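Taking it in order: structure first as structure tokens, then the write-up.
The values are calculated or read from the model by the stated rules, or taken from the named source; none is laboratory data. What you see is a predicted model, and the numbers here were worked out from it, not measured in a lab. Note that each Cβ is placed from the backbone with ideal geometry, even for glycine, and that neighbours are counted across all protein chains shown.
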Amino acid sequence: MTTDPAGEIAQLEAEATAALEGAADLAALDECERVAFRSKKSRFAEMYQKLGSTAPEERRVLGRLLNELRGRLEALADGRRAELAAAARIERLAADRLDLTEVLPRRLAGHLHLVTQAREALEDVFVGMGYEIAEGPEVETGWRNFEALNIPEDHPARSPLDTFYVDFGEPWSVLLRPHTSPVQIRLLQRGVLPIYAVAPGRTYRKDTPDSTHLPVFHQIEGLVVDRGVTFADLKGTIDTFVRAVFGEGTRTRLRPAYFPFTEPSAEFEMSCVICGGDGCRTCSGVGWIELGGCGMVHPAVFEATGVDPEEWTGFAFGFGIDRIAFMRHGIADLRVMIENDVRFLGQF
Ligand code: PHE
């Protein structure tokens with residue numbers, strides 16, 4: 001033992017205290033404790049060993065000093081450990097933090113496709129007029145798509161050159177619907193009258209994509225069946241929804257046409273949204289844009305679905321949604337609708 005064991009204990013206290021207080025993390029703290037008192041070769045172990053060779057009286061005093069110091073250092077280490085653990089926890093929480101209130105820049109948030117936006121705008125207009133939104137499957141029977149709609153066996157639309165047939169059941173009996181009109185049949189078959197319904201949905205035709213055609217496109221079908229419904233109601237309905245979608249100043253007109261499932265039938269047109277009717281490139285100089293087909297429900301359609309044509313009359317119409325979306329925004333080529341280029345889609 002050196003000549004000044006009390007001095008040595010004081011020095012041990014100073015050094016160990018500084019080391020424990022300065023420990024930067026939990027691992028460093030463990031190491032300090034090990035060096036000071038938690039191992040066989042620790043400073044304390046060394047001191048206790050030295051005590052063995054001192055006089056009993058001095059040994060008692062020094063032993064008490066050492067034990068007291070050990071208690072102080074352990075308390076200090078415990079305090080420091082708690083501090084470091086709290087700091088580590090705060091750091092971990094900060095790293096794991098999820099800010100649920102954070103608002104993403106709008107560009108990254110995504111939004112409805114512009115065809116969906118047009119469909120919803122149309123649905124809103126018809127719901128406002130008291131119509132229900134109906135739906136039918138995209139894979140449909142030939143019977144609902146053709147026979148029940150009074151479309152004759154030899155009609156060109158029935159050719160596999162125009163319609164996609166599905167290899168299911170009897171040959172040529174199941175297809176991807178080329179229009180939404182089979183939903184008329186589903187609504188009539190339901191047998192709940194009167195009917196005020198629109199049915200938007202996807203449709204398929206064997207068309208080569210170009211600026212005005214896509215093989216997969218969207219239509220919306222309208223069907224009204226009630227007592228005493230007239231052609232004037234049809235004209236008024238078309239007028240109302242076209243003005244609601246394209247603005248009050250828009251005019252509509254009907255031109256005679258032929259559809260097997262309506263009689264009389266018409267094509268409906270609206271005044272050009274770009275030039276207002278004066279004639280421009282969009283309307284090919286005529287001032288009018290063709291929207292779709294319409295007419296009074298043919299009695300043969302009522303008969304096929306068990307509705308009494310003596311009691312009920314109705315009208316139907318159908319038109320493309322994609323073209324509506326395209327005209328609302330003055331877009332020149334339908335193909336951009338399906339290219340999924342976010343630079344295009346992000347603008348709407
Ligand atoms: N289904 C017809 C078409 O796709 C449109 C239409 C619907 C015509 C309802 C009259 C009545 O061209």
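What to note about this one:
- Residues of the stretch 24-44 that are part of a loop (DSSP other than H, G, I, E, B) and surrounded by 15 or more Cβ atoms within 10 Å (Cβ to Cβ): PHE37, ARG38, SER42.
- Conditions (1) among the hydroxyl-bearing types (Ser, Thr, Tyr); (2) touching a helix residue (DSSP H, G or I) at 6+ places or on another chain (Cβ under 8 Å); (3) without any contact (Cβ under 8 Å) to a residue 60 or more places away in the chain; number of the one not met by SER159: (2)
- Some residue of the stretch 270-284 being under 30 Å from LEU188 (Cα atoms), of a type outside the set (S, T, N, Q) and more than 38 Å from the chain's Cα centre (by Cα): no
- VAL342, sole failed condition from (1) aliphatic (A, V, I, L, M); (2) under 20 Å from ASP210 (Cβ atoms); (3) surrounded by fewer than 16 Cβ atoms within 10 Å (Cβ to Cβ): (2)
- Pair list, Cβ < 7 Å and 6+ apart or interchain, from the stretch 307-322 residues that are assigned by TED's automatic domain parsing to the domain that holds VAL336 and among the β-branched types (Val, Ile, Thr) to residues that are near the ligand (Cβ under 8 Å from one of its atoms) and at pLDDT 95 or above: ILE321/GLN219
- Every condition in (1) under 25 Å from LEU334 (Cα atoms); (2) of a type outside the set (Val, Ile, Thr); (3) touching a residue at least 12 places away in the same chain (Cβ under 8 Å) holds for ASP124 except the one numbered (3).
- Those residues of the stretch 190-237 which are away from the ligand (no atom under 13 Å from the Cβ), in a helix (DSSP H, G or I) and surrounded by 14 or more Cβ atoms within 10 Å (Cβ to Cβ), in sequence order: ASP233, LYS235
- Residue in the stretch 328-338 that is closer than 24 Å to GLN189 by Cα and small (Gly, Ala, Ser) present: no
- None of GLU74, GLU102, GLU91, GLU31 is more than 17 Å from PRO5 (Cβ to Cβ) and either touching a Phe, Trp or Tyr at 6+ places or on another chain (Cβ under 7 Å) or touching a residue at least 12 places away in the same chain (Cβ under 8 Å) (or both) except GLU74.
- The residues in the stretch 55-112 that are within 30 Å of ALA28 (Cα to Cα) and assigned to a helix (DSSP H, G or I) can be counted, and the count is 35.
- Residue check for SER271: in contact with a Gly (Cβ under 7 Å, 6 or more places away or on another chain) and farther than 26 Å from GLU153 by Cβ: yes
- A single member of GLU153, GLU135 is farther than 27 Å from GLU120 by Cα and acidic (Asp, Glu), and it is GLU153.
- Scope the stretch 108-165; condition surrounded by 15 or more Cβ atoms within 10 Å (Cβ to Cβ), β-branched (Val, Ile, Thr) and more than 22 Å from the chain's Cα centre (by Cα); matching residues: VAL125, THR141, ILE151, THR163
- Looking across the stretch 238-249, just one residue is in contact with a Gly (Cβ under 9 Å, 6 or more places away or on another chain) and part of a loop (DSSP other than H, G, I, E, B), and that is GLY249.
- Just one of the listed residues (ARG227, ARG243, ARG281) is more than 23 Å from ILE133 (Cα to Cα) and among the basic types (Lys, Arg), namely ARG281.
- Flag: PHE302 matches the condition of being more than 22 Å from ALA332 (Cα to Cα), surrounded by 14 or more Cβ atoms within 10 Å (Cβ to Cβ) and among the hydrophobic types (A, V, I, L, M, F, W, C).
- Meets criteria (touching a strand residue (DSSP E or B) at 6+ places or on another chain (Cβ under 9 Å) and of a type in the set (D, E, K, R)) for ARG255: yes
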